[in-house]
Amino acid sequence: SIPLGFFAGIGRASKEGILVKGGNYLEALNRIDTVFLDKTGTLTKGVFSLTSILPAPGIKEAELFRLASLAESASHHPIAISIQNAWTEQGGANLAPDSVEEIAGHGLKARYQGQTILVGKRDWLLSQGIEVEGLSSSEGTTVYVAMNGVYQGALNLSDSIRPDAEKMVKELRKIGIKSIIMLTGDANPTAEFVSNTLGLDGYESGLLPHQKVEAVERAIAAGQQTAFLGDGINDAPVLARAGVGIAMGALGSDAAIEAADVVLMADEPFRLVNALRIARKTRQIVL
Ligand code: ADP
Ligand code: MG
C-alpha cells in the first residue's frame, strides 16, 4: 500500500506546478546524488538570435538564409523555430518544403522542387560527403547548409542562459547533490562556456540521443542515483532511462512528457529544487 503522506506530497507538488507520476518517484528523488542536465532549452532559453550569415563563395546571403528557413520550416527544434522567426521578421515569405526528414541530434534533410537541402551539424554534413569549408565561429551554435551535395554556407546563432539556472545549481549543491553534469548535442566552445559559467562538475558535448543514454547508464553502473532534466526535444530515451526522468513542460514534446516520471509545468529549471524539497518534506511526514 502507498503511505498517505505520498498523496499529500503529490498534491503539494501539483500546486507548485510539478507533476509527479507516482509516490515511488518522490521516494526516488530523495536518493538522487547525480543530476544530469540537457543544455539547449533547459539550461539555456532555447531562443536563439541570428548573429551572422556566412555564405560560401558565390552564394548570396539571402539565398543561404532562404534555404535554411525552408528546411527548418517543418521542425519544432528550438534552432528551427529561431531561424523561422528571424526569416519572418525580415519579411521572408512562408516556405513549405515538399518533404522533410528530421535526424535527431544531427539536423534536417528537406526536399523542395527536386532539390535536396541539408541543414545541421558540421560533422553530419561531412559524413554525408559535403565539403564544408571555412571556419565556424568560436561562439554560439553554428548551423551548416548544403544543397544537392554542395556546401552553401553557415548561420551563427546565439542562445542565452536561463536566469534561474545558476541559482538552481547552487541550491542543488546545498541540498547535497554530489555531481551536476551537462549532456549536450551541441559542440564544444558553447558547451564549455555554459558549464563554466554555471560552475557545473562536468559536461559531455557533441552527444547523440543514444550517447546521452550511455552516459547515464555508466553512472548507474557505477552505483550513482541519477536524475535527468531536459526540455524534451530529442530526449525521450534518456528521460526513460534515468533513475528519475524530469521533463520541462512548456517546450517539451509529447514523447518526452510521456517518457518522464516528473514534469515541471513551466520552463523554470529551478522547479527541480522545489521538487527535491517537497520529496524531502514528504519523507519526514511518511516516516
Ligand atoms: P541539445 O542536446 O543541446 O539539446 P540537440 O540534441 O537537440 O541539442 O541538437 C544537437 C545539435 O544538432 C544542435 O546543436 C545542432 O547543431 C544540431 N541540430 C539538431 N537539430 C537541428 C535542426 N533542426 N536544425 C539545425 N541543426 C540541428
Ligand atoms: Mg535540448
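The values are calculated or read from the model by the stated rules, or taken from the named source; none is laboratory data. All figures in this text were calculated on a predicted structure; none of them were measured in a lab. Glycine gets a Cβ as well: all are built from the backbone with ideal geometry, and neighbour counts include every protein chain shown.
So, in region 149-159, of the ones that are in a strand (DSSP E or B) and not small (Gly, Ala, Ser), which residue ends up farthest from Trp87 (Cα to Cα)?
My answer is Val150.
Can you report the number of residues in region 182-202 which are away from ligand 1 (no atom under 13 Å from the Cβ) and either in contact (Cβ under 8 Å) with a residue 60 or more places away in the chain or of a type in the set (S, T, N, Q) (or both)?
Going through region 182-202 one residue at a time, the tally reaches 4.
In this structure, does Gly17 turn out to be within 20 Å of Asp261 (Cβ to Cβ) and surrounded by 19 or more Cβ atoms within 10 Å (Cβ to Cβ)?
Spelling it out, it is not the case that Gly17 is within 20 Å of Asp261 (Cβ to Cβ) and surrounded by 19 or more Cβ atoms within 10 Å (Cβ to Cβ).
Filter region 162-195 down to the residues that are among the small types (Gly, Ala, Ser) and within 16 Å of ligand 2 (Cβ to nearest atom), then identify the one that is nearest to Asp235 (Cα to Cα).
Gly185
If we scan region 44-60, do we find a residue that is surrounded by 22 or more Cβ atoms within 10 Å (Cβ to Cβ) and over 18 Å from the mean Cα position of the chain (by Cα)?
Looking for residues that are surrounded by 22 or more Cβ atoms within 10 Å (Cβ to Cβ) and over 18 Å from the mean Cα position of the chain (by Cα), one finds none in region 44-60, hence no.
Mind listing whichever residues of region 20-68 are within 20 Å of Ala191 (Cα to Cα) and more than 16 Å from ligand 2 (Cβ to nearest atom)?
Thr34, Ser49, Leu50, Thr51, Ser52
Consider Lys121 carefully, then state whether it is of a type outside the set (Val, Ile, Thr), touching a residue at least 60 places away in the same chain (Cβ under 8 Å) and not assigned by TED's automatic domain parsing to the domain that holds Ile53. Quick ask: steps written out before the conclusion?
Numbers: of a type outside the set (Val, Ile, Thr): yes; touching a residue at least 60 places away in the same chain (Cβ under 8 Å): yes; not assigned by TED's automatic domain parsing to the domain that holds Ile53: no.
It is false that Lys121 is of a type outside the set (Val, Ile, Thr), touching a residue at least 60 places away in the same chain (Cβ under 8 Å) and not assigned by TED's automatic domain parsing to the domain that holds Ile53.
Quick check on Ala259: is it closer than 21 Å to His106 by Cα, away from ligand 2 (no atom under 11 Å from the Cβ), touching a helix residue (DSSP H, G or I) at 6+ places or on another chain (Cβ under 7 Å) and free of Cβ contacts under 8 Å to residues at least 60 places away in the same chain?
In short, no.
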